[in-house]
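The values are calculated or read from the model by the stated rules, or taken from the named source; none is laboratory data. Keep in mind the model is a prediction, meaning the values are calculated, not measured. Cβ sites come from the backbone with ideal geometry, for glycine too, and all protein chains shown count toward neighbours.
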Amino acid sequence: MTRNVLLVKSGGEAALPEWRSLFQAAAPQWDIRWWDDATVDPADVVYALVWQPESGRLARYPNLRAIFSSAAGVDHIVNDPMLPRHIPVYRMVVEQTAQTVAEYVCLHALAWLRDFARMRHAQAERRWDPYEAPRLAPQTRVGIMGLGTIGQLCGSMLLALGFQVHGWARTPKSVPGISCHVGLDGLQPFLEQSDLLVGLVPDTPQTRGLVNADTIRHLPKGAAIINVARGPLVVLDDLIEALNNGHLSAAVLDVFEVEPLPSDHAIWGHPKVTVTAHIAGFAGRQARVQKVIEIVDAMERGETRTAYDGVRGY
């Protein structure tokens with residue numbers, strides 16, 4: 001008879017006691033074990049909560065019922081060519097994730113609007129530099145590229161700050177106060193109205209490289225880009241060229257195609273770029289545990305929860 005083993009690979013082995021304590025408080029019937037625990041019988045593993053599992057590893061568990069990403073993205077799981085495709089994969093999108101991403105976007109939107117980089121430079125040079133921002137939030141159009149749960153909350157927060165907000169999505173979305181451009185036909189008019197472009201689309205074949213030289217040229221001169229989606233969304237060479245020739249005024253990049261971003265990459269030192277280490281969105285372990293338990297309980301009642309769809313790519 002198999003046991004209900006949940007394997008954890010998130011936060012390092014030192015985090016296992018906290019994971020175990022949180023899970024067992026709500027689901028004491030589960031056996032919470034570390035990913036590399038050699039004493040675990042593969043036949044006992046029924047769930048896995050993971051970040052960047054080694055290729056082929058998830059295929060070793062014949063009774064695996066569900067895979068949970070410890071973050072919002074699932075590309076680190078589904079890009080495994082040996083992944084059993086019949087096992088549902090769940091994204092870790094909880095209220096905390098949406099809240100923290102939206103906070104990050106608002107932080108950098110305001111920093112760009114008020115030219116916070118200029119303030120930092122003036123202080124570093126011990127130079128008194130009074131100036132007025134060229135425009136206010138109500139005069140600034142923000143385009144949210146991707147109107148899922150996180151994109152909608154970002155848009156609502158930006159609206160509350162006074163920005164004009166519109167969005168772009170694969171299918172029509174109805175969000176109070178936010179107009180929605182749809183599909184490839186709506187992409188150019190969406191870009192043309194985006195003084196600040198926020199990347200929040202999932203990583204799919206259709207979105208990879210979508211922010212490139214051709215799409216960037218449709219943004220208004222002096223526009224800025226914040227990418228909190230996935231690294232492949234933005235063609236970095238094209239972005240750098242647009243920053244260098246003055247078409248773009250700034251970029252904030254939290255995600256990259258290769259992570260960690262190599263220390264010798266040119267983007268680190270670009271004067272118009274802010275680089276952060278994939279920290280825009282996060283959720284506490286308690287929230288993630290609750291999400292996993294919620295989905296498992298629903299599965300055991302015969303209910304369905306939205307899992308990753310390989311056809312759509314999210």
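Odds and ends about this structure:
- Residue in the range 86-103 that is more than 30 Å from W35 (Cα to Cα), modelled with pLDDT of 95 or more and outside the structural domain of Q290 (by TED's automatic domain parsing) present: yes
- Summed over the range 256-288, residues that are touching a strand residue (DSSP E or B) at 6+ places or on another chain (Cβ under 6 Å) and either aliphatic (A, V, I, L, M) or farther than 20 Å from R230 by Cβ (or both) total 4.
- Residue list for the range 9-26, filter: buried (at least 17 other Cβ atoms within 10 Å of the Cβ) and closer than 15 Å to I293 by Cβ: W19, R20, L22, F23
- Taken over the range 242-261, residues that are more than 13 Å from the chain's Cα centre (by Cα), surrounded by 11 or more Cβ atoms within 10 Å (Cβ to Cβ) and modelled with pLDDT of 95 or more amount to 10.
- L233 meets each of the listed conditions (1) modelled with pLDDT under 95; (2) in contact with a Lys or Arg (Cβ under 9 Å, 6 or more places away or on another chain); (3) crowded, with 16+ Cβ neighbours inside 10 Å apart from (1).
- Against the criterion of being hydrophobic (A, V, I, L, M, F, W, C), closer than 22 Å to V234 by Cα, assigned by TED's automatic domain parsing to the domain that holds R217 and within 19 Å of the chain's Cα centre (by Cα), M145 qualifies.
- Scanning the range 176-204 for residues that are hydroxyl-bearing (S, T, Y) and in contact (Cβ under 8 Å) with a residue 40 or more places away in the chain, we see that the one that is nearest to G281 (Cα to Cα) is T204.
- Within the option set V46, V40, V89, V78, being out of contact with any Leu (no Cβ under 9 Å at 6 or more places or on another chain) and among the β-branched types (V, I, T) holds for one residue only, V78.
- Evaluated against (1) touching a Pro at 6+ places or on another chain (Cβ under 9 Å); (2) within 19 Å of G281 (Cα to Cα); (3) in the same structural domain as E257 (by TED's automatic domain parsing), I150 falls short on exactly one condition, (1).
- Note on the range 45-64: residues that are under 18 Å from F23 (Cβ atoms) and modelled with pLDDT under 95 total 1.
- Screening the range 205-314 for helices (runs of 4 or more DSSP H) wholly inside it with 3 or more residues that are polar (S, T, N, Q) and in contact (Cβ under 8 Å) with a residue 40 or more places away in the chain returns no ranges.
- Residue-level check: of (1) polar (S, T, N, Q); (2) under 21 Å from the mean Cα position of the chain (by Cα); (3) buried (at least 19 other Cβ atoms within 10 Å of the Cβ), T140 misses just (2).
- The set of residues in the range 138-166 that are over 18 Å from P189 (Cα atoms), among the aliphatic types (A, V, I, L, M), outside any loop (DSSP other than H, G, I, E, B) and in contact (Cβ under 8 Å) with a residue 40 or more places away in the chain comprises I150, L153, M157, L158.
- Residues that are among the aliphatic types (A, V, I, L, M), surrounded by fewer than 19 Cβ atoms within 10 Å (Cβ to Cβ) and closer than 25 Å to I32 by Cα within the range 274-294 comprise A287, I293, listed in sequence order.
- Among (1) within 21 Å of T204 (Cα to Cα); (2) buried (at least 19 other Cβ atoms within 10 Å of the Cβ) - the single one A102 does not satisfy: (1)
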